[in-house]
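Each reported figure results from applying straightforward, stated rules to the coordinates on display, with no laboratory input. The structure displayed is predicted, hence computed values, not measured ones. Here the Cβ positions follow ideal geometry from the backbone for every residue, glycine too, while neighbour counts run over all protein chains shown.
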Amino acid sequence: MNARDIMIRQAHTIPPQCTIGEALRQMADLRLQAFPVVDEKKILLGTLNFWQILERAMPSYISQGDLPDVRFAPDLVQFHERLGELKPNRVTQVMNPHPPCVRPDDSVLACATLIMKTPKTVYLLPVVEGDRQLVGIISAWDVIKEIAG
Amino acid sequence: MHETSIHTIFGFSPLWVATSILILTYAVIIAERFNRAIVALLGAAAVIGTGVLTQDQAIQGIDFNTIGLLIGMMILVGITKECGIFQFLAIKAAKAAKGSPWGILVMLSIVTAVLSAFLDNVTTVLLVAPVTLLIADELKINPYPLLFAEINASNTGGTATLIGDPPNIMIGSATSLTFNDFVIHLTPVAIVAFSATLIPLWFIYGKTMFASPEDRARIMAFNEYEAIRDVGLLKHCLLVFGLVILGFIFAHSWHMEPATIALGGAALLLLLVTFSLDNEQAGHKVHTMFGQVEWITIFFFCGLFIIVTGVEHTGLLQSVADWTLSLTAGNFTVTTLAILWVSAILSAIVDNIPFVATMIPMIKSMLPVFQQAGIPLEQAETLWWALALGACLGGNGTLVGASANLIVAGIAERNGVPFRFLPFLKVAFPLMILQILISTVYIWMRYL
């Protein structure tokens, strides 16, 4: 079984001019944690996931683990202010421009290995051909379904 | 001078070989190009390899009381920090100040100073600084003054006890001075130096610090009890820490060294936290906890002890001590104050650990000279207090004066708060001079 066999062909993508605020709204509406960012020729420019946005909006003493737990604070004004400042910016500012990708002929095991190695950032694996032409995506769920049989 | 069995090494006297190794090692450590533990261990290997010391002599030169005390306290702190008590105390302090920025500066400084008196300074600031950044963010104030005050408080608090700062641990271990001696002789001056520092800090930063009632209300809405992540662990830690502190207080009458107490406490706490686990889980837990020990520091100490033993063995330190005494004309007052001020200035510039490691044998060889001159032993011990005060408080003078300074600066820089050498120096150095002046008056009035 290869990536081609389990990938979703009609993946939801966002264009590079999309704002972070708009991407967040789409994530909420579509209940998706991540999108591929592609140009009009479906060339993969990067991937954007919720974790990347959270990391940027959080003060770095939280995102970098200096303060592992903030349960004592009912809310953080800094987080909302930083998120507010972040929302009008384009997704290209936050996205990962060099995400781990697979080829259609790669095995499911190769996809599972990539997800296992970077579980925090891989909410989707883009499947690309040629010069980063996006042909589909694979989520962790697709791999789980295949492994579960 | 110790007797040495080797008269020349490659045609050079052991004194020159050992001195060259010491100077070269210290120069490379100061250059900070290579990890200091590697440099110290290479220096130690050179001391043995060139025949300045035999391996047995080198091993005997390592002060295992210092090593044991450091490892024991590192394990205790490594376990304790997991329960969230440090964050609890920081938030409690901020709320006690009713969210007032200056009040928070004072309260966080007190918390930092008290914690640093009993724990490793680096760990203390590593845990208090992130909460400070969050508090400053919520108050919409510049965190720099709070972090600056915490650096100062950490080094000043560390001066107060035998276990507060590595120089004190080394001095305590090399002498018969007890935990209680350090409390009696150093805590009062540390409290005065800490309090006095707050006055200039008020004029430099405090006067202009302001937060709106809405911002202050956000601090008051924090629930510090939510910061405690593991109540069971907290109870174990408090119990063991209580026993360890009692142990330090009564160590002398029980004829025990602080290392035994710290390592015994660490073992007891490890037993308590792994008691209900199966063998495999317990093994994993103990492995993780031992990983909390800063092995770089430990091996750095081992290497330094061997290098210093090498130069001591060849008689260099005795010669330098004699030369120092000739400079001060054997005057006890001048010698004491010279040790205080030279220690402070040098510790502000270079790592105080190698400096103190070198000074200890020198002061040891000065003591008999002063006793022969009629100075009672208790008064002669003032030299140790001068060394401790100079070496610990000297760390406040510059950004590179102590590890805690660099740790806070690193956390601050990562969060967009610039901590630059010169701006820090402009405020910190005069404050350090103030603290050394206070120490001078204290030593003068109490001992001289």
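Take every pair of alpha-carbon atoms less than 8 Å apart whose residues are at least six positions apart; their mean separation over the length of chain B yields a relative contact order of 24 percent.
With all pairs of different C-alpha atoms in the average, the Kirkwood value for the hydrodynamic radius of the stretch A:1-44 is 11.7 Å. About the centre of its Cα atoms, the stretch A:3-148 shows a dipole size close to 100 debye [charges on the beta carbon of Lys, Arg (+1) and Asp, Glu (-1) only; nearest 20 debye]. I'd like the orientation of helix A:108-117 relative to chain A: the angle between its Cα long axis and the longest Cα principal axis, in ° from 0 to 90, rounded to 10. The answer is roughly 20 degrees. Computed on the Cα atoms alone, the convex hull of the stretch B:391-448 gives a volume of 68 cubic angstrom per residue.
With all pairs of different alpha carbon atoms counted, what Kirkwood hydrodynamic radius in Å does the stretch B:134-264 show? This gives a value of 17.9 Å.
Measure nothing fancy, just the Cα-based angle from helix A:77-86's long axis to the longest principal axis of chain A, in degrees from 0 to 90, nearest 10. Compared with the principal axis, the helix lies near 50 degrees.
Most tightly packed first, judged by the mean number of other beta-carbon atoms within 10 Å of their residues, the peptides B:95-105, A:18-28, B:146-156 read B:146-156, B:95-105, A:18-28. Using the Cβ-Cβ distance between B:GLN55 and B:TRP323 with R0 set to 35 Å, the FRET efficiency from 1/(1 + (r/R0)^6) comes to roughly 0.70. In chain A, the alpha-carbon atoms span a convex hull of 125 Å³ per residue.
When all alpha-carbon pairs of the stretch B:171-327 are counted, what percent fall beyond 29 Å? For the stretch B:171-327, the share of Cα pairs beyond 29 Å comes to 54 percent.
Computed from the C-beta positions of B:GLN372 and B:PHE290, the FRET efficiency with R₀ = 45 Å rounds to 0.45. For the stretch B:348-364, backbone phi angles converted through the Karplus equation (6.51, -1.76, 1.60; θ = phi - 60°) give residue-by-residue couplings of 6, 9, 10, 4, 6, 5, x, 4, 5, 4, 7, 6, 4, x, 5, 5, 4 Hz, Gly and Pro being listed as x. Using the basic label-point model (7 angstrom from Cα toward the beta carbon), what is the A:LYS117 to A:TRP51 distance in nanometres? A separation of 1.5 nm, rounded to one decimal place. In this structure, the amide hydrogen of A:VAL38, modeled 1.01 Å from its nitrogen in the peptide plane, lies closer than 5 angstrom to those of A:ILE14, A:LEU45, counting only residues at least 5 positions away or on a different chain. Globularity index of the stretch B:272-327 is 2.11 (Cα radius of gyration / 2.2 N^0.38 Å, N = number of residues).
For the stretch B:145-221, the spread of Cα positions along the three principal axes, ordered from largest to smallest, is 54, 28, 17 Å. For the protein assembly as shown, the equivalent ellipsoid built from the Cα gyration tensor has semi-axes of 52, 30, 23 Å, listed from largest to smallest.
Once the C-beta distance of A:ILE144 and B:ARG33 is scaled by a Förster radius of 56 Å, the resulting FRET efficiency is 0.70 to the nearest 0.05. For chain B, taking Cα atoms only, Rg and Dmax work out to 22.6, 76 Å respectively.
Sequence-distant contacts, meaning Cα pairs under 8 Å at least 6 residues apart, place the relative contact order of the stretch A:3-148 at 33 percent. The phi torsions of the stretch A:12-18, fed into the Karplus equation with coefficients 6.51, -1.76 and 1.60 and a -60° offset, translate into couplings of 6, 10, 10, x, x, 7, 5 Hz, rounded to whole numbers, with Gly and Pro shown as x. Between the helical axis of B:421-447 and the longest alpha-carbon principal axis of chain B there is an angle of about 70 degrees. Helix-only mean residue ellipticity at 222 nm, chain B, DSSP H runs n ≥ 4 weighted -39,500 (n - 2.57), per residue, nearest 500. What is it? Mean residue ellipticity at 222 nm (helix-derived): -25000 deg cm²/dmol.
Using bins of 5 Å that start at zero, the share of Cα-Cα pairs per bin across the stretch B:290-448 amounts to 2, 9, 15, 17, 18, 15, 12, 7, 4, 2, 0, 0, in whole %. In this structure, the pairs whose alpha-carbon distance is over 19 Å, taken from A:LYS41/A:LYS145; B:LYS98/B:LYS140; A:LYS42/A:LYS117, are A:LYS41/A:LYS145; A:LYS42/A:LYS117.
Extent of the stretch A:38-82 along its three principal axes (Cα atoms, max minus min coordinate, largest first): 48, 20, 13 Å.
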